[in-house]
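Inspection log for the structure reproduced underneath, given as structure tokens.
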Amino acid sequence: MAAAQEEEAAAPPGGAEVEATVMEEAAVDGQETEAGAEYSWPQLRFDRPPRRLYHFARQFRHAASAGSNSGGENFLKGVKWSPDGSSFLTSSDDNSLRLFYLPEEAYSAGEHAAEAAAGGEDSYGAFLHVNEGEPVYDFCWYPCMSLSDPATCVFASTSRDHPIHLWDATSGELRCTYRAYDAMDEITAALSISFNSTGSKLFAGYNKAIRVFDVHRPGRDFDQYSLLKGGEGPTGIISSISFSPQNGMLAVGSYSQTTAVYAESNMEPLYVLHGQLGGVTQVLFSKDGNYLYTAGRKDPYILCWDIRNTVDIVYKLYRPADTTNQRIYFDIEPCGRHLATGGQDGMVHVYDLQGGQWVTGFQAAADTVNGFSFHPFLPFAVTSSGHRRFGMHDEFEEELNLAGDENCCSVWMFSSSQET
């Protein structure tokens, strides 16, 4: 069920307007702006702390209902920018996905843009609110999404006891479903989902198996691949899927502490990687496709693997995450130079991927930062924070105990070399 939110929600900017803004900024910076020219990602300056442009907290706390999984209290579980940078999508414990558009003034925000306070009223309301009715296992954007083409404005989600849903990001309507059935002809839910790079296929992770749906043929038709070929593949639930942007490979992580790499064309197994201390919760390829980064549950290290030589781990990136079962997302900036990750300490930690050195960190929340996502072309990032709390069933008591920077979502602006 979906609904548009209150009138103070940021309205979606026109796709052509967003594109024009980016081209204008590129022209100011001396870049080529002819049709087809590639936009240059701004060089972020991590010697300065980022500024919080927008902040959201109250609408998540007040959303708790009988459908919440935390005894009446809600908290965020992750956040992801849309591929065109026009909006971001949050997942929370009240079984809901909320879509926030980036206000038009954000595209021209300069170095002296006003900061949002981590308390008081939210910067604005969500434009869409989709409730799945059951806990959301995973969600992802259609990779070719662009506001200038409404047909591409969709995102997918999977939740307990439900088929995979494809939602319209402009209306909140359900476009279609992708259904998998077990041996008893009952719907079985995917635990992880990801579109391939071209957006033609939707890959879904199950227990010891991957099912592949044709995006243009919703329903119950799919190809199924067992991951136990030769006894070397993952033996547990497939918790994360990532596609290489360059070489036709995909990586799958499982709760059996194993990551496996396959050829996308035929799901032929290529490599099996061991070394995570807990069940793998996220896998992500580098922008050039030569490296793979993996993280696990109750494991304080993100591991870096060289896909061209998988004999040993290249390096480890530390983050405080060794006492939580939460999935803590990390992301790589579009130019591929830095990786940023949340942690239990409320910090965002940034690493230089050329050698794995820690670069900087900044306080993003007062509780666990479980989501981090770089904007695809502007010097922005978005974070989500929160964790399960017990014994706080009274709404007034909750307001007294939770500060403005707990159970919250924030949009951050980094200084960049393009600023004057």
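Amide H of LYS298 versus every other amide H placed in the peptide plane: which residues, excluding those fewer than 5 positions away on the same chain, fall under 5 Å?
Residues meeting the amide H criterion: THR324.
I'd like the projected area of segment 136-183, averaged over all directions, using the convex hull of its alpha carbons. Report it in nm² with one decimal. Write out the running numbers ahead of the final one.
Values: hull surface 14.7 nm².
Dividing the Cα hull surface by four gives the mean projection, 3.7 nm².
Treating cross-link reach as a plain straight distance, find the lysines whose alpha-carbon is under 19 Å from the alpha-carbon of LYS80, omitting any fewer than eight places away in the same chain.
Answer for LYS80, where 19 Å is the Cα cut-off: LYS287, listed by chain and number.
Taking a cut-off of 23 Å between Cα atoms, list the lysines near LYS229, but don't count ones fewer than 8 places away on the same chain.
Here the lysines satisfying the reach criterion relative to LYS229 are LYS201, LYS208.
Which value, in nm² and rounded to one decimal, describes the direction-averaged projected area of the C-alpha convex hull of segment 71-180? Could you put the intermediate results ahead of the total?
Numbers: hull surface 33.8 nm².
Averaged projected area of segment 71-180's Cα convex hull equals 8.4 nm².
Within segment 124-205, what whole-number % of the accessible surface is contributed by carbon and sulfur, with the 1.4 Å probe and all protein chains included in the calculation?
Looking at segment 124-205 in its full context, I get 50 percent from C and S.
Provide the net charge surrounding CYS153, with neighbours chosen by a C-beta distance below 14 Å and charges set as Lys +1, Arg +1, Asp -1, Glu -1. Walk me through the numbers on the way to the answer.
On the way: positive: ARG175; negative: ASP84, ASP149, ASP168, GLU173.
The answer is -3.
Let me check against my output: what whole-number percent is the relative contact order of segment 114-250, with C-alpha pairs under 8 Å and at least 6 apart? Provide the component values of the computation, followed by the final result.
Details: 269 pairs, mean separation 22.8, N = 137.
17 percent.
Show me the ranking of peptides 243-255, 306-318 by mean Cβ neighbours inside 10 Å, starting with the highest.
Values: 243-255: 20.4, 306-318: 13.5.
Put in order of decreasing packing, that is 243-255, 306-318.
Please work out the average accessible area per residue across segment 102-173, using the 1.4 Å probe convention, and give it in Å².
On the way: 2840 Å² over 72 residues.
I get 39 Å² per residue for this part.
So what J values fall out for segment 192-206 if you push phi through Karplus, 6.51 cos²θ - 1.76 cosθ + 1.60 with θ = phi - 60°, rounded to Hz, Gly and Pro as x?
8, 9, 6, 6, 6, 4, 8, x, 8, 10, 10, 9, 10, x, 10
What residues have an amide H closer than 5 Å to that of ASP138, excluding those fewer than 5 places away on the same chain, when H is modeled at 1.01 Å from N in the peptide plane?
Amide H to amide H, under 5 Å and 5 or more residues apart or across chains, ASP138 pairs with THR158.
Run the quick spin-label model on ARG220 and ASP306: label points 7 Å from Cα toward the beta carbon, then report their separation in nm to one decimal.
Once both label points are built, they end up 4.9 nm from each other.
The values are calculated or read from the model by the stated rules, or taken from the named source; none is laboratory data. From a predicted model like this one, the values you see are computed outputs, not experimental measurements. Here the Cβ is made from the backbone with ideal geometry for all residues, glycine too, and neighbour counts use every protein chain on show. The protein model used for the area step is the full one, side chains on, heavy atoms only, and it has no ligands, DNA or RNA in it. Shrake-Rupley method; radii C 1.70, N 1.55, O 1.52, S 1.80 Å.
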